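A.B. asks: The following block contains the structure, expressed as structure tokens.
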Amino acid sequence: MPHKRMFKDGQLHVMVWAGLLFVLVFAYGPMVGAVIAFQKFLPTKGLFGSEWIGFDNFRYIYSLPDTTQVIYNTVFIAVMKMVAGLAAPIVTALLLNELRSRLFKRFVQTVVYMPHFLSWVILSGVLIDILSPNYGIVNDLIAALGMKRTFFLGNEQWFPYVLVTTDVWKEFGFGTIVYLAALTGINPMLYEAAVIDGASRWKQTLHVTLPGVVPIVVLMATLSLGNVLNAGFDQVFNLYSPSVYSTGDILDTYVYRLGLVNFEFGVATAVGLFKAVVSLVLISFSYGLAYRFAGYRIF
């Protein structure tokens, strides 16, 4: 009977309800604060006592000279991360798949996967030292080659590419494991048939391996579309400075400065709400593409 089954699976239900309660309190509960985007919010008057001003905060956002540049920076950095974040793990997985030594293969997998577990608070300190123009190992190497030292984290031209490179370095190990798992699902008989036909290792990779991972590549690519406006707050916040705002400032850091530094709570909430709505549309679109081209379903 249903009630007996519910009692029998009671522990599982408790686990589900605990997670659901967490989501309701910390994810859906704060959504009430979205009304601040339509208010001239004053902490002394509270959420329901502040003056209602409609879409004035949104109009003010679009009148700011930095808004267009911040949106461009966000999309530019996020798209570069998406493209590089797809290419690097695919190439790495294909190279690891060709290794004959299982011990060395596992060693490489472990090494490239380790940065994924480190926070940007830790990695930013490491990168600041490595990229330092005075004593950083990168600039020491550049100087040894007879070239001019470069302040990568303070140069507005280099900074976006530093963000992309370091993000790929941190995360490509995780993607590599995903694609290696996809490679294990390829039927070995296909390789045997290719060998009988006289295909070289390159031809096997081109005509067997790559077609075998195309579905997971399409899936990962379409699902990543929802992150077009997520350029990585933790990374940017810990690495950027006012000297690179013109090319490194993104929506998340813009919201942070407007709300918590300049105390423009309504304006900051309006920017955050704009980003949330656009992200919702893109995520819905990406899941539709994932279902159509890769057969991916949430349920």
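A.B. asks: I want to check the label-to-label distance for Phe104 and Ala199. Put each point 7 Å from Cα in the C-beta direction and report it in nm to one decimal.
C.D. replies: 2.5
A.B. asks: Return the sequence-ordered ³J(HN,Hα) values of region 147-161 in whole Hz as given by the Karplus equation 6.51 cos²θ - 1.76 cosθ + 1.60 applied to θ = phi - 60°, using x for Gly and Pro.
C.D. replies: Ordered by residue, 3J(HN,Hα) equals 9, 7, 5, 10, 8, 4, 7, x, 9, 5, 7, 7, 4, x, 6 Hz.
A.B. asks: Okay, next question. Taking the Cα centre of the chain as origin, sum charge times position over the Cβ atoms of Lys and Arg (+1) and Asp and Glu (-1), and report the length of that vector in debye to the nearest 20.
C.D. replies: Computed charge dipole of the chain: roughly 840 debye.
A.B. asks: Which whole-angstrom value gives the distance between the alpha carbon centres of region 223-299 and region 99-171?
C.D. replies: 24
A.B. asks: Still on this structure, please answer the following. Pick out, in residue order, every one of the trypsin sites (Lys or Arg not before Pro) in region 25-133 that is DSSP loop and has at most 14 other C-beta atoms within 10 Å; say none if there are none.
C.D. replies: Numbers: sites: Lys40, Lys45, Arg59, Lys81, Arg100, Arg102, Lys105, Arg106; in loops: Lys45, Arg100.
Passing sites in region 25-133 are Lys45, Arg100.
A.B. asks: Calculate the spin-label point distance for Asp234 paired with Tyr135, positioning each point 7 Å from the Cα along the beta-carbon direction, and give it in nanometres.
C.D. replies: Each label point is offset 7 Å from its Cα along the Cβ direction, giving 2.8 nm.
A.B. asks: Treating each Cα of region 1-156 as an identical point scatterer and ignoring solvent, apply the Debye formula and state log10 I(q)/I(0) at q = 0.10, 0.18 Å⁻¹.
C.D. replies: -0.87, -1.20
A.B. asks: Assuming 0.36 nm per residue, please report the length gained on full extension of the stretch Leu21 to Gln69 beyond their Cα-Cα distance.
C.D. replies: Roughly 13.4 nm would be gained on extension.
A.B. asks: Also, I was wondering about something else. Tell me, in nm to one decimal, what length is gained between Ser119 and Leu280 on full extension, where the rule is 0.36 nm per residue of separation less the Cα-Cα distance?
C.D. replies: Working: separation 161, 0.36 × 161 = 57.96 nm, distance 2.61 nm.
Length gained, Ser119 through Leu280: 55.4 nm.
A.B. asks: List the chymotrypsin sites (Phe, Trp or Tyr not before Pro) within region 97-140 that fall in a DSSP loop (any state other than H, G, I, E or B) and whose Cβ has at most 12 other Cβ atoms within 10 Å.
C.D. replies: Sparse-neighbourhood loop chymotrypsin sites (Phe, Trp or Tyr not before Pro): Tyr135.
A.B. asks: Taking amide H atoms as placed 1.01 Å from N in the peptide plane, list the residues 5 or more away in sequence, or in a different chain, whose amide H sits under 5 Å from that of Gln39.
C.D. replies: Ile53
A.B. asks: Assigning unit charges at the beta carbon (Lys, Arg +1; Asp, Glu -1) and nothing else, what dipole magnitude in debye, to the nearest 20, does region 155-299 show about its Cα centre?
C.D. replies: With Lys and Arg at +1 and Asp and Glu at -1, about 360 debye.
A.B. asks: What order, most packed first, do the peptides 278-291, 86-99 have when packing is the mean number of other Cβ atoms within 10 Å of each residue?
C.D. replies: 86-99, 278-291
A.B. asks: Rounded, prolate or oblate, given the Cα gyration tensor of region 100-184, with a/c below 1.5 counting as rounded?
C.D. replies: prolate
A.B. asks: Give me a comma-separated list of calculated 3J(HN,Hα) values for region 65-74, in order, Karplus coefficients 6.51, -1.76, 1.60 applied at θ = phi - 60°, integers in Hz, x for any Gly or Pro.
C.D. replies: Using θ = phi - 60°, the values come out as x, 8, 4, 4, 5, 5, 5, 4, 4, 4 Hz.
A.B. asks: Taking the convex hull of the alpha carbon atoms in region 224-282, what volume per residue do you get, in Å³?
C.D. replies: Numbers: hull volume 4.8 nm³, N = 59.
Per-residue hull volume (Cα only) is 81 Å³.
A.B. asks: Using +1 at the C-beta of Lys and Arg and -1 at the C-beta of Asp and Glu, which of Tyr161, Phe285, Trp202 has the Cα lying farthest in the positive direction of the dipole of region 67-294?
C.D. replies: Trp202
A.B. asks: Add -39500 (n - 2.57) for each DSSP H run of 4 or more in the chain, then divide by its residues: what number comes out at 222 nm, to the nearest 500 deg cm²/dmol?
C.D. replies: About -20000 deg cm²/dmol.
A.B. asks: Where the only charges are on Cβ atoms (+1 Lys, Arg; -1 Asp, Glu), what is the dipole of region 1-129 about its Cα centre, to the nearest 20 debye? Mind showing how you got there, number by number?
C.D. replies: On the way: 11 positive and 6 negative charges, 144 e Å.
The dipole magnitude comes to about 700 debye.
A.B. asks: Can you tell me how region 67-294 classifies by the Cα gyration tensor, rounded, prolate or oblate, using a/c under 1.5 as the rounded cut? Walk me through the numbers before you get to the answer.
C.D. replies: Values: a/c = 2.73, a/b = 1.44, b/c = 1.89.
Oblate shape, in that a/c is at least 1.5 and b/c is the bigger or equal ratio.
A.B. asks: So what J values fall out for region 90-101 if you push phi through Karplus, 6.51 cos²θ - 1.76 cosθ + 1.60 with θ = phi - 60°, rounded to Hz, Gly and Pro as x?
C.D. replies: The phi angles translate into 5, 4, 5, 5, 5, 5, 5, 5, 8, 6, 8, 7 Hz.
Where a number appears in this text, it was derived from the coordinates with a stated rule and is not lab data. These figures come from a predicted structure and were not determined experimentally. Please note: Cβ atoms are built from the backbone with ideal geometry, for glycine as well, and neighbour counts cover all protein chains shown.
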